[in-house]
Amino acid sequence: MAVSAGVAMCFGQTSSTTPGNVPANEQAIINLEKSVTEAYKNKKIDIFRKYLPKNDVGINANGTTKMTSEVTEMQNTDLRNYSFTDMKVVFPRAGVAVVTYKARVDSSVAGQDTSGAYNVASVWTKWWGNWVLTSHAFIKSQ
């Protein structure tokens, strides 16, 4: 519940940054988000797992997911192309970053087309000096 409330608050926040003028701490989180997506796209399981803790929680239109189901789904996913827009990063407290954005994907899962526009929110937490993706919501836009 707390994550949902925090994510909802972050969607309402605006950022005064413009492309090419993103503060370094925000750009670092954006780069992590892009790196985990590239690892997923290229089915680089070891790199993907590096970014997720064992107790990772994902949220999609079908409900919640765990790392084991994320890795299984990765094998059945053909993520051909994607783009991110309106990326915003907030730091509600030290060691916690929330990134929200819109994604457009060209993809399929187990042969079913999943292409379209999505609203995305990720929570990154700094553990033992490393940022890990502790929660990820990926919901198709209506």
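Using θ = phi - 60° and the Karplus relation 6.51 cos²θ - 1.76 cosθ + 1.60, list the HN-Hα couplings for the stretch 81-92 in order, rounded to whole Hz, with x at every Gly or Pro.
Those phi angles translate into 7, 7, 8, 10, 9, 6, 6, 10, 10, 10, 10, x Hz.
Using a 1.4 angstrom probe on the protein heavy atoms only, could you order I47, I30 from most to least accessible area? Walk me through the numbers before you get to the answer.
Numbers: I47 75, I30 15 Å².
Order by accessible area, largest first: I47, I30.
Rounded to the nearest 10 Å², what accessible area does R80 show when all protein chains are kept and the probe is 1.4 Å?
About 100 Å², rounded to the nearest 10.
So what is the relative contact order for the stretch 86-142, in percent, with contacts set as C-alpha pairs under 8 Å and at least six apart? Write out the running numbers ahead of the final one.
Details: 108 pairs, mean separation 15.7, N = 57.
Normalised by residue count, the contact order of the stretch 86-142 is 28 percent.
In whole Hz and in residue order, list the ³J(HN,Hα) couplings for the stretch 132-142 that follow from phi through the Karplus curve 6.51 cos²θ - 1.76 cosθ + 1.60, θ = phi - 60°; x for Gly and Pro.
Going residue by residue, I get 10, 8, 8, 7, 8, 10, 9, 10, 5, 6, 8 Hz, with x marking Gly and Pro.
List every residue whose amide H lies under 5 Å from the amide H of L52, counting only residues 5 or more places away in sequence or on a different chain, with H placed 1.01 Å from N in the peptide plane.
Amide H to amide H, under 5 Å and 5 or more residues apart or across chains, L52 pairs with L133.
Quick one: net charge of P92's neighbours, Cβ under 15 Å, K/R +1, D/E -1? Working shown, then result.
Working: positive: K88, R93, K126; negative: E26.
Around P92, the charge tally is +2.
The values are calculated or read from the model by the stated rules, or taken from the named source; none is laboratory data. These figures come from a predicted structure and were not determined experimentally. Note that each Cβ is placed from the backbone with ideal geometry, even for glycine, and that neighbours are counted across all protein chains shown. Note: areas computed on protein heavy atoms with side chains; ligands, DNA, RNA excluded. Shrake-Rupley method; radii C 1.70, N 1.55, O 1.52, S 1.80 Å.
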